[in-house]
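The values are calculated or read from the model by the stated rules, or taken from the named source; none is laboratory data. All of these numbers come straight from a predicted model, not from anything done at the bench. Glycine gets a Cβ as well: all are built from the backbone with ideal geometry, and neighbour counts include every protein chain shown.
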Amino acid sequence: MAKPKISSDWMAGCAGCHMSLLDMDERIIQIAELVDIRSTPITDLKEPDASGVDVGILEGGVNNSANEEVAHKMRARSKILVALGDCAVFGGVPALRNFCGIQEALKRAYIDAESVDESGKIPSDPELATMTKVRALSEVVPVDVFVPGCPPDADVIFYVLAELAQGRKPELKDKLLHWD
Amino acid sequence: MITLTIDGQKVEVPEGTTVLEAADKINVRIPRLCHHPALKPYGSCRLCVVEVDGFRTMQASCTLPASNNMVVRTDTPALRESREFVLSMLFSERNHFCPFCQVSGGDCELQNSAYDEHMTHWPLQPNWTNYPVDTSHPYYVLDNNRCILCRRCVRACGELVGNFTLAIEERGANNLLIADVGVPLGESTCIKCGTCVQVCPTGALIDRTSAYQGLDKKVDYTPSICIGCSVGCSVNVVTRDNRLVRIEGDFNGAVNGGLMCENGRYVPMTESRQRITQPMLKKNGQLEAVSWDEALKAIADRMQPLLGKGDHSVAAIASTRLPAEALSMFKQLFADGFGSTVVTSVEEGLPTARSTELAQTVGSFEAKLDALKTADAVITVGVDLSRNHQVAGFFAKRIHPNGVPLIVIDPSDNGLDPICDVAIKPEAGQDADVFRALLAAAKGETIADAQLANAAQLIGKAQKPVIVYGKGLIAFNDPQALEAMIEYAKAIGASVIGVKGEANSLVAAQYRLDRPFALNGHQAAFVAIGDDYVTQRLLQRLEKAPFLVAQASYASKLTKMADVVLPVTIWAEQSGHYVNLEGRLQEAVAALQAVDGVRSNVEALRAVAQQVGIETKDNWKEALFQRKSAVEIA
């Protein structure tokens, strides 16, 4: 039997969940033996195979039109979609901007920030993605496996990947379940 | 007794037990959030629902009284689904994002409940509404965004403390936790006791000093007692890496039932005095750091010749915050050893001497604090329970809304004046007249004063009245005030509670450290102040001391004046015994390792005794019973 194919990508997050994935150290070799690692944001291939993968993993919430595209593409090309980390699962830290609104957040970051002088302005290039409310991945596409944590520990990610690679649905509880 | 079945297990409980309590008894854990063992069941969170045979719907087990032959199930797929739904609703209501919350990672009961249900996400997304954060309070922060509206804080503030500062305003999603009529918490009627913070299950009420200083699993808990006053509340001293993190009330505490006041919970956390960590000796008018040996030798050089010189020996005064072991050593050293005629405590017997004297003829005449919890009329005299012995004040305040009249007799403004039924303001030192008038009224005489008549009428209906008296009653030069009060108490069948002074006020009284301080002809003075404050009045009376030794934890005007300074431990670093205002013998337990170079109060005194060649005994406990006490000691 061919090894299951895995792809990952990140959206509105901090890349910390992928760092936590790398934090599993030499166990990544075990994972590589169990699965065929396809596209990831930290390897050369950037998009999941058009022919589809077995497991798609997304880090980060959905906060603009570009992320929506990433989410829909990964969903369409994955048999199992994993929301990795608090931002993908709940919206996380970026979702705090929902409490004040997009304009207020932009103004605070690009104009009012202490490090910005009078020339500060909100970027408005037409090529930029359109900003939206920050949403958990499950608000945009159906999610099969939720892996909360900010970030999830390397142990948690290893467990999740090992279970998925062996065709089982991971069950997070006790020490493996944390939301912070 | 009632027998019911919970998850197939039979359990026998007394009538009136709730299903939740019955389940706890056999270690069947039913999830709960709004429930707190110290508070009356409330039933607002619906997390504790169970299925009961014969009931059409799920029932909140915290408010459901157990009944005979009841069959209860606590863990079924339907219940699990219901609990997950309840939790989803709670999480979606406000900002309950965990990663940046102070209590996340073990201290949040909301998060723990979700983990217990193995929830990996919220099926309902949050409602993105901003709620106010109130940072106006000196000791805590109120973040409505983290509030789950369980009302534990509101109930604790009212039911336990009797202060009724906190309340919930508005309806539905607009529910907000507010102080008084919506004023900032720091400007409200809050008395800063911190009970609300201690019962908060989430991060809605945060303790400023201990926030982010360590989750429960990272800190050490030392069960001890508070020595802030003579109430002697049971507390847990929370430390981490030999550093004080916070102080919590112990809900199983026999005296306080978990309550504490600002003086006990927060004042010790704001300590800013400079610590003394080395013995010091005055050389050429300047204090210099020396070894313990040198300091002790300097004391012996000056004091040994004074042995047995009676009223020309050493005038000695000690803080009543010192443990019984130290006070006993102090008494043996100066009264028995030197034969000094002035060996006393900083209270100089003001709150205790007269009652102790009375006890010698009539025996113990005071009641326990429990009498206050079940009183049906309360009279306070000579004490402001809103400022001192506050937890005893909470007991009086919290029964007041049940219709228990509160009469406050105090010549000065009293913090309880605004809530009491009658505030009687006699001339200072005229309390005896008040009690004589009340006695006359109790005997059916008509009294002219309308307020006194009103008070007498309110008390007249009571079956279990309690009189709480403080040093204001007995410190004045009216020797008849106490007798007049006792006579009145006897006539109406009232229990009498004396609040006394600091933590070991009663112990000082039993050791006869209860007379006025004066240098007189004494050739030296020894002040065992420990971590207590020194009054200006005491300093003045020490000015002329030919030789002054200060045994102190902190630098002060006293240590500046002293010829020798012995550095000692503070409350958190020493173990020892205390007898509270109701005669309860309790042990304070050291929670911190002492700073290098300091000794405990008892060790320092023992070292002085050895240096001057006085033998001391370890008989502090027996010595407590050498004279009759105002309240029975046990």
Go through the stretch B:457-488 and count every residue that is closer than 22 Å to B:Ala428 by Cβ and crowded, with 23+ Cβ neighbours inside 10 Å.
-> 12
Determine if the stretch A:60-68 includes at least one residue that is buried (at least 24 other Cβ atoms within 10 Å of the Cβ), polar (S, T, N, Q) and out of contact with any Asp or Glu (no Cβ under 9 Å at 6 or more places or on another chain).
-> yes
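If we keep just the residues of the stretch B:75-89 that are away from every other protein chain (no Cβ under 14 Å) and hydrophobic (A, V, I, L, M, F, W, C), which is surrounded by the fewest Cβ atoms within 10 Å (Cβ to Cβ)? So that I can check it myself, show each step before the final result.
The initial filter retains those residues of the stretch B:75-89 that are away from every other protein chain (no Cβ under 14 Å), namely B:75-79, B:81-83, B:85-86, B:89.
After this cut, where a residue has to be hydrophobic (A, V, I, L, M, F, W, C) as well, the list is B:78-79, B:85-86, B:89.
Working: B:Ala78: 11, B:Leu79: 18, B:Phe85: 13, B:Val86: 19, B:Met89: 15.
That would be B:Ala78.
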State all residues of the stretch A:87-105 that are more than 10 Å from chain B (Cβ to nearest Cβ) and out of contact with any helix residue (DSSP H, G or I) (no Cβ under 9 Å at 6 or more places or on another chain); if no residue qualifies, say none.
-> A:Ile102, A:Gln103
Wholly within the stretch B:516-634, which helices (runs of 4 or more DSSP H) include no fewer than the required count, namely at least 3 residues that are under 25 Å from B:Pro351 (Cβ atoms), of a type in the set (Ser, Thr, Tyr) and touching a residue at least 40 places away in the same chain (Cβ under 8 Å)?
-> none
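Just to be sure before I move on: is B:Gly43 within 14 Å of another protein chain (Cβ to nearest Cβ), part of a loop (DSSP other than H, G, I, E, B) and under 25 Å from B:Thr195 (Cα atoms) in the structure I sent?
Numbers: within 14 Å of another protein chain (Cβ to nearest Cβ): no; part of a loop (DSSP other than H, G, I, E, B): yes; under 25 Å from B:Thr195 (Cα atoms): yes.
So B:Gly43 does not fit the description; no.
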Would it be correct to say that B:Arg246 is buried (at least 22 other Cβ atoms within 10 Å of the Cβ) and among the basic types (Lys, Arg)?
-> yes
Of all residues in the stretch A:35-69, which are within 28 Å of B:His96 (Cα to Cα) and in a strand (DSSP E or B)?
-> A:Gly56, A:Ile57, A:Leu58, A:Glu59, A:Gly61, A:Val62, A:Asn63, A:Asn64
Enumerated strands (runs of 3 or more DSSP E) restricted to the stretch A:70-147, each holding at least 1 residues that are surrounded by 13 or more Cβ atoms within 10 Å (Cβ to Cβ), among the aromatic types (Phe, Trp, Tyr) and under 12 Å from the mean Cα position of the chain (by Cα) | A:145-147
Here are some residues: B:Cys147, B:Cys101. Which one is over 19 Å from A:Lys173 (Cα atoms), crowded, with 21+ Cβ neighbours inside 10 Å and within 10 Å of another protein chain (Cβ to nearest Cβ)?
-> B:Cys101
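Considering the stretch B:542-562 alone, what residues qualify as being surrounded by fewer than 24 Cβ atoms within 10 Å (Cβ to Cβ) and either of a type outside the set (D, E, K, R) or farther than 14 Å from B:Ala315 by Cβ (or both)?
Once the filter is applied, which keeps residues that are surrounded by fewer than 24 Cβ atoms within 10 Å (Cβ to Cβ) and either of a type outside the set (D, E, K, R) or farther than 14 Å from B:Ala315 by Cβ (or both), the stretch B:542-562 yields B:Leu542, B:Ala545, B:Pro546, B:Phe547, B:Leu548, B:Tyr554, B:Ala555, B:Ser556, B:Lys557, B:Leu558, B:Lys560, B:Met561.
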Helices (runs of 4 or more DSSP H) wholly inside the stretch B:194-308 that include at least 1 residues being within 25 Å of B:Val568 (Cα to Cα), at pLDDT 95 or above and in contact with a helix residue (DSSP H, G or I) (Cβ under 6 Å, 6 or more places away or on another chain) = B:292-303
Does B:Ser556 satisfy being touching a Lys or Arg at 6+ places or on another chain (Cβ under 8 Å) and either at pLDDT 95 or above or among the aliphatic types (A, V, I, L, M) (or both)?
-> yes
Do we have A:Asp180 as within 11 Å of chain B (Cβ to nearest Cβ) and either surrounded by fewer than 22 Cβ atoms within 10 Å (Cβ to Cβ) or part of a loop (DSSP other than H, G, I, E, B) (or both) here?
-> yes
Checked pairs for the stretch A:142-164, first facing another protein chain (nearest Cβ under 9 Å) and closer than 15 Å to A:Val89 by Cβ, second in a loop (DSSP other than H, G, I, E, B) and of a type in the set (Lys, Arg), C-beta under 8 Å and 6 or more apart or across chains, list as A:Val145/A:Lys169
Picked from the stretch B:105-134 (must be more than 28 Å from A:Val141 (Cα to Cα) and within 10 Å of another protein chain (Cβ to nearest Cβ)), the residue surrounded by the most Cβ atoms within 10 Å (Cβ to Cβ) is B:Cys108
Any residue in the stretch A:124-134 that is at pLDDT 95 or above, under 18 Å from B:Met119 (Cβ atoms) and within 11 Å of chain B (Cβ to nearest Cβ)?
-> no
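Can you say whether B:Val50 is under 20 Å from B:Leu90 (Cα atoms) and surrounded by 18 or more Cβ atoms within 10 Å (Cβ to Cβ), as far as the supplied structure shows? Full working, then the answer.
Numbers: under 20 Å from B:Leu90 (Cα atoms): yes; surrounded by 18 or more Cβ atoms within 10 Å (Cβ to Cβ): yes.
For B:Val50, the condition - under 20 Å from B:Leu90 (Cα atoms) and surrounded by 18 or more Cβ atoms within 10 Å (Cβ to Cβ) - is met.
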Going by the structure shown, is B:Val255 in contact with a Phe, Trp or Tyr (Cβ under 8 Å, 6 or more places away or on another chain) and not assigned by TED's automatic domain parsing to the domain that holds B:Ala572?
-> no
Flagged in the stretch A:148-167 as part of a loop (DSSP other than H, G, I, E, B) and modelled with pLDDT of 95 or more, in numbering order, are A:Pro148, A:Gly149, A:Cys150, A:Pro151, A:Pro152, A:Asp153
Taking B:Ser92 as the residue in question, decide whether it is surrounded by fewer than 19 Cβ atoms within 10 Å (Cβ to Cβ), within 14 Å of another protein chain (Cβ to nearest Cβ) and small (Gly, Ala, Ser).
-> yes
Given (1) buried (at least 19 other Cβ atoms within 10 Å of the Cβ); (2) within 11 Å of chain B (Cβ to nearest Cβ), A:Glu171 misses just (1)
If you scan the stretch B:350-387, which residues turn out to be among the acidic types (Asp, Glu) and in contact with a strand residue (DSSP E or B) (Cβ under 6 Å, 6 or more places away or on another chain)?
-> B:Glu366
